[in-house]
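Working notes, structure below.
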Amino acid sequence: EGEMEDLFKTFDAIAILFWVVPGAFFILFRSFALKGAFPSLGKDDVVAFIIVSVLYWYLVIWASATFLGAPEAFRQHLAGPESIVALVAIPAVAGVGAGMFERRDVVGRLLRAFGVKFLSPYATAWESVVVNLPPGSVLIVHLKDAQPIIGRWTNAQIGSAASTDKDVRDLYLDEIGSVIGANYQPFAPVRGAYISPEQIQFIEVISAAT
């Protein structure tokens, strides 16, 4: 019992924050810059927070030794308001930068130029193409048990919408119509359609950018 009391006396909850908070803010703001929304978190994400935090402090120690001449010099900035900068502000800004860089697919294009391709951890076909379609694009949504639905992707802020949840693939087209020859014609009166993910078989996309 005495050993347990000594353990709790030496338990430093503040110190644990140093190994979780930087990684958490980096990952949260990277996702926000990459996908426009903060991710839903679970207990398994704590491991990622710790790993990123360890890498963050490794870089801080390296920078402190390189530019300040002493590996421990950064510790003087971990008290008071300056600690917020070190724990929150810098990781958040770094996360935004990483998300914006990744969103531009600079590394991916460079690797593909040399024939190197790799799987993305994100549902890029949906979150990078469908959700970010240029307004005016026409979608032909083929359904499993019904005729295809043809509609125009309008401004996603006030019109058409697609879920950004990786487990949900529902779709709302603010304007539906038909294709006559090579031209799309909206129905009159104008109406939209909600399509549940269970009904979608595949989608043809005629992007307004082409």
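The values are calculated or read from the model by the stated rules, or taken from the named source; none is laboratory data. Remember, it's a predicted structure, so these values are computed and weren't measured experimentally. Don't worry about glycine lacking a Cβ; one is built from the backbone with ideal geometry, like all the others, and counts go over all protein chains shown. Accessible surface is based on the protein model in full, side chains and every heavy atom, while ligands, DNA and RNA are left aside. Shrake-Rupley method; radii C 1.70, N 1.55, O 1.52, S 1.80 Å.
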Check: Non-local amide H neighbours of Ser137 (under 5 Å, H modeled in plane, Pro and chain starts lacking H): which ones?
Finding: Trp153, Ala208
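How would you order 50-63, 189-202 from highest to lowest mean count of nearby Cβ atoms within 10 Å?
Working: 50-63: 15.4, 189-202: 12.5.
Descending mean neighbour count gives 50-63, 189-202.
Show me 172-183, 87-98 ranked by packing, highest mean number of other Cβ atoms within 10 Å first. Walk me through the numbers before you get to the answer.
On the way: 172-183: 14.1, 87-98: 17.6.
Ranking the peptides 172-183, 87-98 by packing returns 87-98, 172-183.
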Check: Which far-off residues, 5 or more places away or on another chain, put their amide H under 5 Å from the one on Arg191, with H placed in the peptide plane?
Finding: Ile176
Note to self: Keeping all protein chains in the complex and leaving out DNA, RNA and ligands, what accessible area do you get for Leu110 with a 1.4 Å probe, in Å² to the nearest 10?
What the structure shows: 100 Å²
Check: With every protein chain left in place, what is the accessible area of Thr154 in Å² (1.4 Å probe, nearest 10)?
Finding: 30 Å²
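List the trypsin sites (Lys or Arg not before Pro) within the range 15-51 that fall in a DSSP loop (any state other than H, G, I, E or B) and whose Cβ has at most 10 other Cβ atoms within 10 Å.
Values: sites: Arg30, Lys35, Lys43; in loops: Lys43.
Answer by residue number: Lys43.
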